[in-house]
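Reading through the structure tokens given below for one structure.
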Amino acid sequence: MVGIVRVNAKVKIDNSSQFLSIPVLLTEQGVIEPLLDYLIAHDSARSHSWKNRVVFACQLLLEYMSANQNLFQAPDLLFSHFVYRLQAGTINDAGEDDSDLFWLPRRISNVNQLLSALNQFTDWLSIHRGSEPLNPLVEATNYQQQLNYAAWHKRNQHQFLGHLKSNKQSDLMKQTRKIRGKRDVIQIDSDAISFSENLFPKFLLCGLGNAKDSRVALRDQLILLLMHGAGVRESDALHLWVHDVLIDNMDENNALVRLYHPEDGRAPDNWKGRNKQHTRSAYLQELYGLKPRNRLVGTKRVGWKTKIVDHQDNYIHLHWFPAFYGVLFKKLWLRYLNCLLPIERNHPYAFISFSRNEMGQPLTLNAFNQGYKAGLVRIGLASSKSQGRSPHAHRHAYGRRLTKAKLDPILIKKALHHSSLNSQLVYTTPGIQDVTDALNAIESINSTGEKTNVESENWSELLKEAFEDIDPDGLFSGKFPRFRVSE
């Protein structure tokens, strides 16, 4: 099999001193140039994870082609069998694989993602290089047209004037891919497994707080408070600059924290660069010779997912709930600043590494996650996403806390900095445990005739949440059901 290697390359596209950091594929003949051109063309508009997905999909296809040379007469036949092998794997019941690929079966959703990435790439090659697409569009059956329209409607139902279709869109409804992935399983609103509120104090004090290095303990406790007390994603927290934590003018005991967009956020202290630029991207370049962390590659990269900002300076204002988390954050922050003072830093980031080899460097996500897992081990627990013991589970806990406080959904959206009200359904929809508790409570009432201490949801309140998957017409659910259900 021909060796195919994925590497991160620095690509120079003009006479400036800047380079693009792009993942590429190398073979014995060199870099696969069509793929490189495709990624360069979409560099500014696409995320790093999207580029990695495209490269990985192409790598799998090339490996399959190398392992099955001269077996298929037509490209679309090869592509069809490639998709099947993604779904079914290449290993027989005896554990053998003559192709030496040794692929295990992939999830339907993952196969469909890879297939979509290859469809877009080969379509681009067809337009810009004149090649034949591996998976052309063909005329859709009536049933397939209905599925196309349903998918289009789901994507556009919340867009302003999204119901208006152009003739081009109408034509696309009548087409489908010659080779399609399987239909994925239907998922209802997933259960947001949140970090246990009862476990949190022990984890904060005895877990992260018992780190061997007291500076590490303070740093990780501060990040944890941002996640649990203000709903921040762990990646967003690592973009915090020292300048971004202030004393709240309304309450001097409280910390006022703002998280700025890593590129377009306003630089601190009214700074302006040589070209009168005042963004954080310009600030990092001119003062430190650095790029924003969301533009880096490898372990130093830290993504930024938040799209909604609270101010024209492009920052989000963090809201502590309950408020005592902000008071605790301020006390720990002042102690942490004393730890930073003697350490040389060539950057403005607040959370740094205290390890000997990386002393003073910005903290990486990998390093924080390792410290997070170590903190759980100190209190006799293991990291488990399914049981709510993961960094993102603290954002879920924050969302659940706001929901249980019966905060208005619009205010919850504002506090979580969601772009859509639908994004918070994962927190407002009853979870698996909520349903179990409600059923147990009803069973107890029916058997004893007396109400228990278990708090169950009122049925009429539950039905106010529209169940689009089982009641799309709002016959029984939603705020204004067409048919009333007697309690």
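Quick note: the coordinates plus some simple rules give every number you see, no bench work behind them. A quick note: this is a predicted structure, and the numbers were derived from the prediction, not measured. Virtual Cβ from ideal backbone geometry, glycine too; neighbours counted across all protein chains shown.
If you wrap a convex hull around the C-alpha atoms of the range 200-401 and split its volume per residue, what is the figure in Å³?
Per residue, the Cα convex hull of the range 200-401 comes to 131 Å³.
Within a 10 angstrom radius of the beta carbon, how do Thr299, Thr27, Thr403, Thr364 rank from fewest other beta carbons to most?
Lowest to highest Cβ neighbour count: Thr299, Thr27, Thr403, Thr364.
Evaluate the relative contact order of the range 306-412 (contact order divided by residue number), counting alpha-carbon pairs under 8 angstrom at least 6 apart; express in whole percent.
Averaging sequence separation for qualifying contacts and normalising by length gives 12 percent for the range 306-412.
For the range 354-434, what is the convex hull volume of the alpha-carbon atoms per residue, in Å³?
138 Å³
Can you put Lys404, Lys373 in order, fewest other beta carbons within 10 Å first?
Listed from fewest to most nearby Cβ atoms, that is Lys404, Lys373.
With 10 angstrom as the radius, rank Phe324, Phe203 by how many other C-beta atoms surround their C-beta, starting from the fewest.
Ranked by crowding around the Cβ, least crowded first: Phe324, Phe203.
If Lys and Arg each add +1 and Asp and Glu each add -1, what is the summed charge of the other residues whose beta carbon sits under 14 Å from the beta carbon of Leu259?
With Lys, Arg at +1 and Asp, Glu at -1, the neighbours total +1.
Between beta-carbons, use under 14 Å as the cut-off and find the net charge around Ile13, counting Lys and Arg +1, Asp and Glu -1.
It works out to a net charge of -2.
Mean separation of Cα pairs under 8 Å and 6+ residues apart, divided by the residue count of the range 5-135: what relative contact order is that in percent?
19 percent
Taking K and R as +1 and D and E as -1, what net charge do the other residues with C-beta under 12 Å from the C-beta of Tyr349 add up to?
+4
What is the range 211-346's relative contact order, in percent, from Cα pairs under 8 angstrom and six or more apart in sequence?
About 29 percent, as a whole number.
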